[in-house]
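The block underneath contains the structure these notes are about, expressed in structure tokens.
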Amino acid sequence: VCCFRTLLSPKALWTELQQIESHLGKVPKPKESPRPIDIDILFYGTESVRQPDLEIPHPRWQERLFVLAPLSDLTHEIELPGNQIFNIAEYLGCFPNRHNERVQLI
């Protein structure tokens, strides 16, 4: 998880990220298949994008501990579209962990 500023539109950013993935060896595979790299856009400020190949905020960001744990290192709250504030620390306290993920501190 990282946070940065960009002048690119969400679609242009997505195109650039797909090129990076391709350069790093990602090839088309069925959904949920292992892959060498997977770069997603979790948020784009408080904007909401709904396109066939791009959905922001990422539709499953709240389901994955490997997203939430490092996100909580960056911030304790996220402002979502519609001025909704999401408290990451509170949510982690009751995280359902449906995928039985573990976070290993290094």
From the options Leu8, Leu54, residue that is surrounded by 10 or more Cβ atoms within 10 Å (Cβ to Cβ) and within 15 Å of the chain's Cα centre (by Cα): Leu54
Of these, Ile78, Ile85, which one is assigned to a strand (DSSP E or B), surrounded by 14 or more Cβ atoms within 10 Å (Cβ to Cβ) and either over 15 Å from the mean Cα position of the chain (by Cα) or of a type outside the set (Asp, Glu) (or both)? Ile78
Pairs only if they're at least six apart or on different chains, beta carbon under 7 angstrom, first in segment 34-61 and farther than 18 Å from Phe4 by Cβ and free of Cβ contacts under 8 Å to residues at least 24 places away in the same chain, second open to solvent by less than 80 Å² (accessible area, probe 1.4 Å) and among the basic types (Lys, Arg); list them, first residue then second. Arg35/Lys26; Pro36/Lys26
Checking Asn100 against (1) more than 12 Å from the chain's Cα centre (by Cα); (2) surrounded by 14 or more Cβ atoms within 10 Å (Cβ to Cβ), which test does it fail? (2)
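For segment 88-106, name all the residues that are out of contact with any Pro (no Cβ under 9 Å at 6 or more places or on another chain) and in a loop (DSSP other than H, G, I, E, B). Please lay out each step first, then the result.
First, the residues of segment 88-106 that are out of contact with any Pro (no Cβ under 9 Å at 6 or more places or on another chain): 88-102, 104-106.
Listed by number, the residues that qualify are Cys94, Phe95, Pro96, Asn97, Arg98, His99, Asn100, Glu101, Arg102, Gln104, Leu105, Ile106.
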Would it be correct to say that Trp61 is closer than 21 Å to Gln104 by Cβ and surrounded by 15 or more Cβ atoms within 10 Å (Cβ to Cβ)? yes
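Take the residues in segment 23-51 that are among the charged types (D, E, K, R) and closer than 21 Å to Asn83 by Cβ, then tell me which one is surrounded by the fewest Cβ atoms within 10 Å (Cβ to Cβ).
Taking the candidates together, the pick is Arg50.
Would you check if Ser72 is part of a loop (DSSP other than H, G, I, E, B), open to solvent by less than 40 Å² (accessible area, probe 1.4 Å) and out of contact with any Pro (no Cβ under 9 Å at 6 or more places or on another chain)? Please lay out each step first, then the result.
On the way: part of a loop (DSSP other than H, G, I, E, B): no; open to solvent by less than 40 Å² (accessible area, probe 1.4 Å): yes; out of contact with any Pro (no Cβ under 9 Å at 6 or more places or on another chain): yes.
For Ser72, the condition - part of a loop (DSSP other than H, G, I, E, B), open to solvent by less than 40 Å² (accessible area, probe 1.4 Å) and out of contact with any Pro (no Cβ under 9 Å at 6 or more places or on another chain) - is not met.
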With respect to the numbered conditions (1) β-branched (Val, Ile, Thr); (2) surrounded by 14 or more Cβ atoms within 10 Å (Cβ to Cβ); (3) not in a loop (DSSP other than H, G, I, E, B), which one is the sole condition not fulfilled by Ile20? (2)
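The values are calculated or read from the model by the stated rules, or taken from the named source; none is laboratory data. Note that the coordinates shown come from a computational prediction; the quantities given were computed from them, not determined experimentally. Cβ: placed from backbone, ideal geometry, glycine included. Neighbour counts: every protein chain shown. Ligands, DNA and RNA are excluded from the accessible area calculation, which covers all protein heavy atoms including side chains. Shrake-Rupley method; radii C 1.70, N 1.55, O 1.52, S 1.80 Å.
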